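FYI, it's all coordinate maths here, none of it is from the lab. Everything numeric in this text was worked out from a predicted model, so none of it was measured. Reconstructed Cβ throughout: ideal geometry from the backbone, glycine too, with neighbour counts over all protein chains shown.
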Amino acid sequence: MLSTSASQSRSIVASILLLAPTLSTAFYLPGAAPTNYKKSDVVPLYVNALTPADVEGNQQVHSVYAFDYYTESFHFCAPKDGPQWVSESLGSILFGDRIQTSPYELKMGVNETCKPVCDHHTFEAGDAAFVNQKIGQGYRINWLIDGLPAGQLLMDRQTGSIFESVGFPLGREDGNGKVILHNHYDIMVDFHEASAGTFRVVGIEVQPSSRGTSKYQGEGKADCGSLDKPLYLNDKGKTDVTYTYGVYWRSSKTSFATRWDRYLHVYDPRIHWFSLINSAVIVVFLVGMVSTILVRTLRKDFARYNRLDIAMENLNDTSAAEDGVQEDSGWKLVHGDVFRPPKNALILSVLVGNGAQLFMMTGFTIGMSLPMVNARVRRN
Ligand SMILES: *[C@@H]1O[C@H](CO)[C@@H](O)[C@H](O)[C@H]1NC(C)=O
């Protein structure tokens, strides 16, 4: 009987050990494990909501609302069988990401100079006015390729360092106070050859441009127009728009582990001496306060214990005991309190046990993070 139960438990342990590798491969943190592609493998491009950003040289916030990528008025091309929602991580959900599939076809290592995203769109006057307004407010397009946001290389005017922004503008001003729509995207994807024939995406840069003369030619072909005729959306009539793109794969020495480094950029690298000193002063003050309290209570107690010791030495002298000096007094009483059950233990079990506290803390945390999401939207 004993031996069978022992062998049973051994087989259970063995099966758990056998399961362990499958469990460890099933558990995957998005963005942490690299995705390997072979040459010509399809690399999906996902689209996120359009977010407002400050217009260059103008610190004022124009809008805080993030639009779904497939908002009708933008007339962006959707996949043939409709866009699908892409499941997101918790962090993504908290940041308000709305990730969907797109019709862009990127094949690892295969360059394309000019491809239509879909056939042409016709902007009515109302939609044109809406999009022109959004361009003026500095709205940015947010794409994700292999979990990496598509951005533009920018230079920090203060420090002269190069960094990558998140997202790229929907359109821009042409210099004469009129806005133009970006309808051609040159997508530069940096890849790293991890081992022979295995490639990883390590960088994405999008150079959007406006091309008023681009035409859809049917059967997946297009004329990508030229850069010197930008595309103005007519807010009094109809405008035909063809969205086109090019894909360029560039070999890179950046490894997968460091691919996020380009996005980490501190705008103001000055050390904030005032807040540093402020924190130090508060720490010193609190330490001082706590130690004063400790010293004041403990000194009295120590004096009493010392008196007790002296009294024990001359056993005949019982005056100390008559004074009410006991071995357990003062701060030593704490040890008796540690294991004393609380008076209304049941109330506590209701609060903690049914998750009310957990629920309230979750609500509080989400409430606190909302202003931060807002702040992030503003920064972008
Ligand atoms: C693709 O384009 C990039 C950038 O222009 C270039 O460096 C690379 O050699 C091209 N690849 C092929 C296979 O033509």
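Observations
- Label-point separation in nm, residue 178 to residue 306, each point 7 Å along Cα→Cβ: 9.3
- Taking other C-beta atoms within 10 angstrom as a stand-in for reagent exposure, 249, 260, 85 fall in the order 85, 260, 249, fewest first.
- Residue-count net charge about residue 186 - beta-carbon cut-off 13 Å; Lys, Arg +1, Asp, Glu -1: +1
- In this simple spin-label approximation, residue 292 and residue 276 carry label points 7 Å from Cα along the Cα→Cβ vector, and these lie 2.9 nm apart.
- Reachable lysines from residue 300, criterion Cα separation under 21 angstrom, eight or more residues apart if same chain: 332
- Remark: the Cα gyration tensor places the stretch 106-152 in the oblate category, a/c being 1.5 or greater and a/b not exceeding b/c.
- In this simple spin-label approximation, residue 228 and residue 338 carry label points 7 Å from Cα along the Cα→Cβ vector, and these lie 8.5 nm apart.
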